[in-house]
Amino acid sequence: MDVETAIRTRRTHKAYGPDPVDRATLTALLDLGRWAPNHHLTNPWRFRVLGPVAVERLKAAVGPEGATKLDRAPTLVAVSYVRTPDDPAADEEDLLAAGSAAYAILLGAHARGLAGYWRTIGVLNEEAGRAAIGLPEGEHAIGVLHLGTPRQEQRVPERAPLADVLTFLD
Ligand SMILES: Cc1cc2nc3c(=O)[nH]c(=O)nc-3n(C[C@H](O)[C@H](O)[C@H](O)COP(=O)(O)O)c2cc1C
């Protein structure tokens, strides 16, 4: 699949088959994330593949309603970045770089016929959630990537027309 097709046809999936993404594929996807652009080559991203014990801890931290949502996909990867709070410009760049890495992983998964979903989980900003996934002080979670095999076609959510978001300056 070429890059443009991958970008246009990737969708957010919320229903998955039961099989986890195998270790080799998962490793290849996270390695792909590492090639996202990052200013000063800070490599700010951190990936944590959540095993069953970590998932149970996170479920306990989010509570019953959130716990059900964590069962949607068989493979969960928490993506975070290493913060530099005393340098807000660098911190912003590193946040964006980590987001780019997350997107690269989703695109790579889609290109391999896998389904994916980027979910932000509020409790990861709280002590209980951070502890559940072993997030050290100085790292900020940007989401949990849900990965697995697709179960259904997804509708295509509309985007605002290009004209609404584009300005050519003189
Ligand atoms: C940073 C980020 C966080 C997101 N968090 C959530 C989320 O918490 N829950 C959710 O349902 N979708 C979440 N999404 C997915 C968007 O809802 C989804 O991308 C959007 O509906 C467009 O659909 P598409 O991905 O199929 O194009 C998130 C996407 C991004 C980029």
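Residue by residue, region 135-141 carries 3J(HN,Hα) couplings of 7, x, 4, x, 10, 10, 6 Hz when phi is fed to the Karplus relation 6.51 cos²θ - 1.76 cosθ + 1.60 (θ = phi - 60°); x denotes Gly or Pro. DSSP beta bridges confined to the chain are antiparallel in about 95 percent of cases. The Kirkwood radius of region 74-170, taken over pairs of alpha-carbon atoms, gives through the Stokes-Einstein law at 20 °C and 1.002 mPa s a diffusion coefficient of 136 µm² s⁻¹. Using C-alpha pairs under 8 Å with a sequence gap of at least 6, the mean separation divided by the residue count of region 3-151 gives a relative contact order of 39 percent. The residue list 162, 30, 40 was ranked by how far each Cα lies along the charge dipole of the chain toward its positive end, using unit charges on Cβ atoms, and 30 comes out on top.
Phi-derived couplings, Karplus 6.51 cos²θ - 1.76 cosθ + 1.60 at θ = phi - 60°, listed residue by residue for region 113-125: x, 8, 9, x, 6, 9, 10, 8, 10, x, 5, 6, 8 Hz, with x used for Gly and Pro.
Helical content alone sets the calculated 222 nm signal of the chain at -12000 deg cm²/dmol, taking -39,500 (n - 2.57) per DSSP H segment of four or more residues and averaging over every residue. Largest first and in whole Å, the equivalent-ellipsoid semi-axes of the chain read 25, 23, 16, each the square root of five times a Cα gyration tensor eigenvalue.
Peptides 120-128, 29-37 ranked from most to least packed, by the mean per-residue count of other Cβ atoms within 10 Å: 29-37, 120-128.
Placing unit charges on the Cβ atoms only, positive for Lys and Arg and negative for Asp and Glu, gives region 3-151 a dipole magnitude near 800 debye about its Cα centre.
Per-residue 3J(HN,Hα) values for region 148-161, derived from phi via the Karplus relation 6.51 cos²θ - 1.76 cosθ + 1.60 with θ = phi - 60°, read x, 8, x, 10, 7, 5, 10, 6, 9, x, 5, 9, 4, x Hz in sequence order (x marks Gly and Pro).
With both residues required to sit in region 78-170, DSSP beta bridges show an antiparallel share near 100%.
Where a number appears in this text, it was derived from the coordinates with a stated rule and is not lab data. What you see is a predicted model; the values in this text were computed from it and never measured. Positions of Cβ are generated from backbone atoms using ideal geometry, with glycine treated the same way; all protein chains shown enter the neighbour counts.
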